[in-house]
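K.L.:
Sharing a structure here in C-alpha cells format.
The values are calculated or read from the model by the stated rules, or taken from the named source; none is laboratory data. Model, not experiment: these values are computed from the prediction. Cβ atoms come from the backbone with ideal geometry, glycine included; neighbour counts cover every protein chain shown. Just so you know, the surface numbers come from the protein's heavy atoms only, side chains and all, with ligands and any DNA or RNA stripped out. Shrake-Rupley method; radii C 1.70, N 1.55, O 1.52, S 1.80 Å.
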Amino acid sequence: MNTKRIARIIGSGSYLPEKVLTNKELESMVETSDEWIVTRTGIKERRVAGENEYTSTMGIKAAKEAIENCNIDPEKLDLVIVATCTPDYLFPSTGALIQKEIGAVNAAAFDLQAACSGYIFALSIAKSYIESGFYKNILIVASEKISSIVDYEDRNTCVLFGDGASASVVSFEGKGLEIRDVSLGTDGNQSDLLILPGGGSRIPSSEQSLKDKQHFLKMEGREVFKHAVRLMEVAANECLSSAGIEGRDLAWLVPHQANIRIISAIAKRFALKEENVYKTVHKYGNTSASGVAIALDELVRTKEVAKGENVLLVAFGAGLTWGASLLTQN
C-alpha cells in the first residue's frame with residue numbers, strides 16, 4: 001500500500017551578522033531621526049554584514065545550523081535551493097558555493113530569485129519535489145547581503161534594510177511543520193516599483209552607471225505599500241481557502257518583516273491579536289528573502305508550536321512577487 005509523501009520542514013537555522021546599525025547611527029549619515037524611523041517603519045536597528053561576510057558565508061552558517069538541528073547527513077541532501085537577490089556572483093550560483101562548503105556532495109544546487117518572496121517560492125519547489133518522489137531531502141537557504149545594494153545617502157531606503165540568512169531542511173521523513181499549501185503570484189506590470197537597475201545585461205556596469213547610482217536599489221515606497229497589503233491578503237486567503245480553514249484557526253502569522261504598518265494591516269485583515277503575529281522587524285529590519293524564514297526559525301525555537309497548530313507565512317517583494325504558505329505542526 002502506497003503511503004502519501006508529505007513535505008515537512010524538519011530542521012531550521014539562521015544567522016545574523018554581529019554588526020548592529022542603529023537608528024542613532026543613521027542620524028549621522030542621512031537626514032532622519034530615530035523617532036521618524038520607528039514611527040513609520042517600526043525598525044529600531046538592523047544587522048550589517050562585515051567586510052568579509054557575503055551571502056554565501058552567511059548562508060553556510062544558517063545551513064549548518066539547520067542540518068545540525070535535524071541531525072541529517074549533508075551527503076543525504078538531494079538539492080540545495082538558495083533564495084537571494086544579492087548573490088555572491090551572477091555565476092557560479094551561490095547555491096554551488098554553499099553546496100561545496102557544507103559537504104552536500106550528492107546534491108544539485110541552484111539560485112532562485114523572487115526577491116523578498118523567495119523563501120516561499122522555494123518552499124513550493126521543495127514541496128513539489130518531495131511529494132512527487134523526485135527527491136527525498138532538500139535544503140532551502142535564504143540569504144541576503146542587502147547592504148551591498150543600499151544607497152546610504154538615500155534616507156527613504158537605507159533605514160529599511162538589513163542583512164541575514166536562514167535555512168530549512170525539507171523532507172518527507174521525520175516530524176516538523178507540514179507544508180500544507182502554497183500560493184504564489186507575480187505582476188510584472190509593476191516591475192519598476194522596486195528595482196536594481198544596473199548590473200544586468202540591460203544596464204551593464206560602466207563608468208556612467210556607477211556615476212548614476214544604477215547599482216543601488218530604487219523603490220517607490222507608497223505604491224509598494226499599497227500593493228503589498230492587498231496582494232499578501234490575496235495569497236493568504238487562497239492558502240486558507242485551499243486548506244479549508246479561516247483566519248481564526250491560525251496560531252501564528254509570520255509575515256514578511258518589511259514594515260510594522262504593513263504587518264499591522266495584514267494582521268487586522270485576519271482579525272489576529274498582536275500576540276499571534278511574530279515580529280522581528282524592530283531588530284533586523286527588512287532582510288528580503290531571508291526575513292520570513294529568520295522569523296519562523298526564531299518562532300519555533302522560542303515559542304511552543306503545539307501539534308496541530310497552524311502557522312501562516314506571507315511575503316511580498318520586487319517583481320512584483322507575493323506568496324503565502326500554510327504550515328501545520330505534526
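K.L.:
With r defined as the distance between the Cβ atoms of HIS282 and GLU223 and R0 fixed at 30 Å, what FRET efficiency is calculated, to the nearest 0.05?
P.N.:
Here the calculated transfer efficiency is 0.80.
K.L.:
Given labels modelled 7 Å from the Cα in the Cβ direction, how far is it in nm from LYS273 to SER191?
P.N.:
4.5
K.L.:
Once you have a ≥ b ≥ c as the square roots of the Cα gyration tensor eigenvalues for segment 1-132, tell me rounded if a/c is under 1.5, and otherwise prolate or oblate according to whether a/b is larger than b/c.
P.N.:
prolate
K.L.:
Return, ordered by residue number, the residues of segment 121-155 whose backbone nitrogen is under 16 Å from a label point located 7 Å along Cα→Cβ of LEU210.
P.N.:
149
K.L.:
State whether segment 97-142 is rounded, prolate or oblate according to the following rule on the C-alpha gyration tensor (a ≥ b ≥ c being the square roots of its eigenvalues): a/c under 1.5 gives rounded; otherwise a/b larger than b/c gives prolate, and the remaining case gives oblate.
P.N.:
In terms of gyration-tensor shape, oblate.
K.L.:
Which pairs in the list LYS145/LYS213; LYS24/LYS218; LYS127/LYS307; LYS64/LYS175; LYS136/LYS273 are over 27 Å apart, alpha-carbon to alpha-carbon?
P.N.:
LYS136/LYS273
K.L.:
In the chain, if the dipole is taken from +1 on Lys/Arg beta carbons and -1 on Asp/Glu beta carbons about the Cα centre, which of LEU253, TYR15, TYR135 is farthest to the positive end?
P.N.:
The Cα lying farthest towards the positive end belongs to LEU253.
K.L.:
Sort 162-169, 38-45, 196-203 by packing, meaning the average of other beta carbons within 10 Å per residue, with the highest value first.
P.N.:
By packing density, highest mean first, the sequence is 162-169, 38-45, 196-203.
K.L.:
If you work out Rg and Dmax of the Cα atoms in Å from the coordinates, which of (i) 20.3, 65; (ii) 18.8, 59; (iii) 18.8, 67 do you get?
P.N.:
(iii)
K.L.:
While we're on this one: Only helices at least 15 Å long along their own axis, judged from Cα atoms, and with Kyte-Doolittle mean hydropathy of 0.5 or greater: name those in the chain from DSSP H.
P.N.:
Flagged H segments are 118-132, 291-302.
K.L.:
Let me understand segment 264-321 better: what is its radius of gyration from the alpha carbons, and its Dmax, in angstrom?
P.N.:
My reading of the Cα-based Rg and Dmax gives 12.3, 36 Å.
K.L.:
Where nothing but the Cβ of Lys and Arg (+1) and of Asp and Glu (-1) is charged, how large is the charge dipole of the chain around its Cα centre, in debye to the nearest 20?
P.N.:
It works out to roughly 660 debye.
K.L.:
Can you give the convex hull volume per residue for the Cα atoms of segment 98-214, as a whole number of Å³?
P.N.:
168
K.L.:
Roll a 1.4 Å probe over the protein chains and send me the accessible area per residue for the chain in Å².
P.N.:
45
K.L.:
Right, something else. Roll a 1.4 angstrom probe over the protein heavy atoms and tell me the percent of accessible area of segment 148-276 that is carbon or sulfur.
P.N.:
Accessible surface attributable to carbon and sulfur in segment 148-276 totals 46 percent.
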